Amino acid sequence: MRHQFLFSIIILVPAIFTTALFSGCLTDDHGHTHQHKHLLFVAHEGSITSYDIATGEQQAGEIVDVSGPTDIQSLSNGTLLVNLTNRNEVLVVNGKSMVQIKRIPSALSGSQAVRPVHSYISPKYDGKQYWMALNDGPSTGNTAAANSALFIDLSTPSDTASIKVVGEVGIGVGHHKACFSKSRHRVVITNINDAAKVLGVYDYSNPAAITEVAAWSADDLGIQGSAAPHGCATSALNGKGYCNATGTGDIISVDIDANPPTARLLKTSGSGGGYTKGKGRYVYSLQSTPREGHTTLPGAVCQVGQIVVIDAQVDSVVKEVAVKYTGPNCTESILGKPEATAGPGHIKIAGNKLYVQLASGFTDPTGSAAKHLVLDITDLANPIQIASLDIGKSRSHHGECLSGDDKYFFVANNLDGTVTQIDAAAGKVTKALTVRANPRTLATWHEHDGPSHHYGPLE
């Protein structure tokens, strides 16, 4: 009766009031009406839950049988996808109603590929867009046959039935990162454990028959030692891909769109790290050395690595910026402390702030970090570190996301069971949301402001 009474009032009021009344509502796929809420999705080990960002309250519904969630991403209509590494699946969820839509095997029938880890959403060209799941192969006894890139069609996300596998291609061995062409259906994919194929360029214009356009070995590139590539970004200025060879510290500059594609090395003074991201003319790549206490690349007291600045206009490294654990004025040693192995892990850029996640070393079972680095990039060519932010405690890499309106930056604290919310423009922590144990990866969505920023498209 209450709904009938409300409806009778609505049809009598002026059209302008009706519009205002409904501007705060949405209808999900089950016909239920909800107030517009800015939602935060948290994939924990074991479950996916959602939270109202304004109140911090958990919303109704949850997804279970979630094992090894990595890189959850939301689409424009509120659909979620996430790679489930331990289940060899890509999970598809209606984020508005928190109802599972489907689970897609991360490899085609007959393929030996397993363990999807990182995901990327391709730029949209010719009306086509794809989810790319990169299968890393088993942790031991890995072979090329167990590694692949799986393509899932996202061209019409409002039609969830169309979200289906359209192609797969074999790649090199080991953990993988990628970056896309800025103008055509091409992608660079790196292979962390494969000296015979450090990286390759693939044409996916026909996803049912993806072709390898070019590939380079360590010898081809002139890399001495283990290349271990682990992070790529495409410059919006020149369209070149820049991939960090973490083992040697080289930056590999790839002309993705050339026929054939070409690659050359840019030298740096550091190594390790890997994550790479661009803005405008410049590309930033993270390195975990030089650092305090390192035997071959020692840094200053409190130093946890550096940021390499690449000028895409001249295709060269133009600056290296040392970063310290608590901020530029830190003089306290990190040696012998939980943060002793912490190093730069991921990058998010919001306005004139460059946020750098700190991840403790993978071989350090007792290490942790509870700071987030911040740099001012008002002058894009000259990042300046400012005071680090106090966040919750995490070990190794931990999830983060930037909301679609650029207002909120969220960081998962996997040892504390919390998510830190940061005012992205101001560079200030605003609150901590209590979630479940072991939050792994994050995404946001709002009816008007859209999904959180994707991994993949150029910015």
Legend entry - FRET efficiency estimate (nearest 0.05) - Cβ-Cβ, residue 384 to residue 434, R0 41 angstrom: 0.75
Inset, instruction - For 445, 216, write out the residues from largest to smallest accessible area, computed with a 1.4 angstrom probe and no ligands counted. - result: 216, 445
Legend entry - Surface accessible to a 1.4 Å probe, residue 448 within the full protein complex, Å²: 130 Å²
Legend entry - Largest to smallest principal axis extent of the C-alpha atoms in region 217-360, angstrom: 51, 38, 21
Legend entry - Local electrostatic count, residue 337, Cβ distance below 12 Å [Lys/Arg +1, Asp/Glu -1]: -3
Legend entry - Amide H contacts of residue 155 (H built 1.01 Å from N, under 5 Å, at least 5 apart or other chain): 129
Inset, instruction - Might you work out the accessible area of residue 36 for me, using a 1.4 Å probe with all protein chains in place, and round it to the nearest 10 Å²? - result: 40 Å²
Inset, instruction - Determine the principal axes of the Cα atoms in region 130-282, then give the extent along each, sorted from largest to smallest and rounded to whole angstroms. - result: 49, 41, 27
Legend entry - 3J(HN,Hα) from dihedral phi, region 182-196, Karplus parametrisation 6.51/-1.76/1.60, rounded to Hz, x for glycine, proline: 8, 9, 8, 7, 9, 9, 9, 10, 9, 10, 5, 10, 10, 5, 6
Legend entry - For residue 356, net neighbour charge (Lys/Arg +1, Asp/Glu -1) across residues whose Cβ lies under 11 Å away: +3
Legend entry - Of the GluC sites (Glu not before Pro) in region 259-337, those whose Cβ has at most 16 other Cβ within 10 Å and which sit in DSSP loop: 332
Legend entry - Helix-only CD estimate at 222 nm, as mean residue ellipticity for the chain, using -39500 (n - 2.57) per DSSP H run (n ≥ 4): -1000 deg cm²/dmol
Legend entry - Cβ-derived FRET efficiency at R0 35 Å, residue 124 paired with residue 448, nearest 0.05: 0.95
Legend entry - Whole-angstrom gap from region 304-348 to region 139-190, using each part's C-alpha centre: 30 Å
Inset, instruction - Please say if region 317-459 is rounded, prolate or oblate, where rounded means a/c under 1.5 for a ≥ b ≥ c the square roots of the C-alpha gyration tensor eigenvalues, and otherwise the choice is prolate for a/b larger than b/c and oblate otherwise? - result: oblate
Legend entry - Computed lengthening from residue 217 to residue 196, 0.36 nm per intervening residue step minus Cα-Cα distance: 7.1 nm
Inset, instruction - Give a residue-ordered list of calculated ³J(HN,Hα) values for region 434-444 (Karplus: 6.51 cos²θ - 1.76 cosθ + 1.60, θ = phi - 60°; whole Hz; x for Gly, Pro). - result: 7, 10, 8, 5, 6, x, 9, 8, 10, 8, 10
Inset, instruction - Find how much the distance from residue 162 to residue 301 grows on full extension, using 0.36 nm per residue of separation minus their present alpha carbon separation; answer in nm with one decimal. - result: 44.6 nm
Legend entry - Förster radius 41 Å - calculated FRET efficiency between residue 145 and residue 100, Cβ distance, rounded to 0.05: 0.85
Inset, instruction - Give the relative contact order (percent, whole number) for the chain; include only Cα pairs under 8 Å separated by 6+ residues. - result: 11 percent
Legend entry - Residue-by-residue Karplus 3J(HN,Hα) for region 246-255, coefficients 6.51, -1.76, 1.60, Hz, glycine and proline x: 5, x, 10, x, 6, 9, 8, 8, 10, 7
Legend entry - Accessible surface of region 81-235, 1.4 Å probe, proportion on carbon and sulfur as whole %: 47 percent
Inset, instruction - Ratio to report: Rg/Rh of the chain, with Cα atoms as the point set and Rh obtained by the Kirkwood method; give two decimals. - result: 0.98
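The values are calculated or read from the model by the stated rules, or taken from the named source; none is laboratory data. Keep in mind that what you see is a predicted model, and the values were worked out from it rather than measured. Methodologically, a virtual Cβ is constructed for each residue, glycine included, from the backbone with ideal geometry; neighbour enumeration extends over all protein chains shown. To get the accessible areas, we keep the full protein, side chains included, count just its heavy atoms, and leave off ligands, DNA and RNA. Shrake-Rupley method; radii C 1.70, N 1.55, O 1.52, S 1.80 Å.
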